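One structure is given here, and the rest of the page talks about it.
The values are calculated or read from the model by the stated rules, or taken from the named source; none is laboratory data. Note that the structure is predicted; figures quoted are calculated from it, not measured. Cβ placement follows ideal geometry from the backbone for every residue including glycine, while neighbour counts extend to all protein chains displayed. In case anyone asks, the SASA skips ligands and DNA or RNA and just uses the protein heavy atoms, side chains included. Shrake-Rupley method; radii C 1.70, N 1.55, O 1.52, S 1.80 Å.
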Amino acid sequence: GNGTVNTIVLDEADGSFKSGGIRNVFIRDTLINSGYNEKSTRVSKKLKQTMATEWTFDFTNELLFSGVNIEWVDYTFQFDVDQGGKNYKDQIVHWVNVPNGQTVTVETNQAT
């Protein structure tokens, strides 16, 4: 592959897959060789930013069903060791917003 070959290709000749019409499909542990784009039903990403209040993740290129919205999000929020000490960490509130299509945003109440 030259970086444009997907690992899985859907036949949508009769129409696109839609939210609510797909149940119990789980694709994982796909072996990816150089030059291929991984497509899956379950994706993870990580993003490190300093002094930010918003982290946005776009899964459009990784999710297999492009017309299906994200239904479940699980996230971990990790603080840098040297960033303000224990009291600072206790004051930070973080949450994940309802996914917008295939984009997920995690926010905090103050820059971290």
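May I ask you to verify whether Gly101 is closer than 30 Å to Gly15 by Cβ, out of contact with any helix residue (DSSP H, G or I) (no Cβ under 9 Å at 6 or more places or on another chain) and at pLDDT 85 or above?
Yes; evaluated as a whole, the condition is true for this residue.
What are the residues in the stretch 37-52 that are open to solvent by 50 Å² or more (accessible area, probe 1.4 Å) and more than 8 Å from Leu63 (Cα to Cα), if any? So that I can check it myself, show each step before the final result.
Residues of the stretch 37-52 open to solvent by 50 Å² or more (accessible area, probe 1.4 Å): 37-38, 42, 44-51.
Passing the criteria: Asn37, Glu38, Ser44, Lys45, Lys46, Leu47, Lys48, Gln49, Thr50, Met51.
Considering only residues that are surrounded by 12 or more Cβ atoms within 10 Å (Cβ to Cβ) and hydroxyl-bearing (Ser, Thr, Tyr), which ones fall in the stretch 53-66?
The answer is Thr53, Thr56, Ser66.
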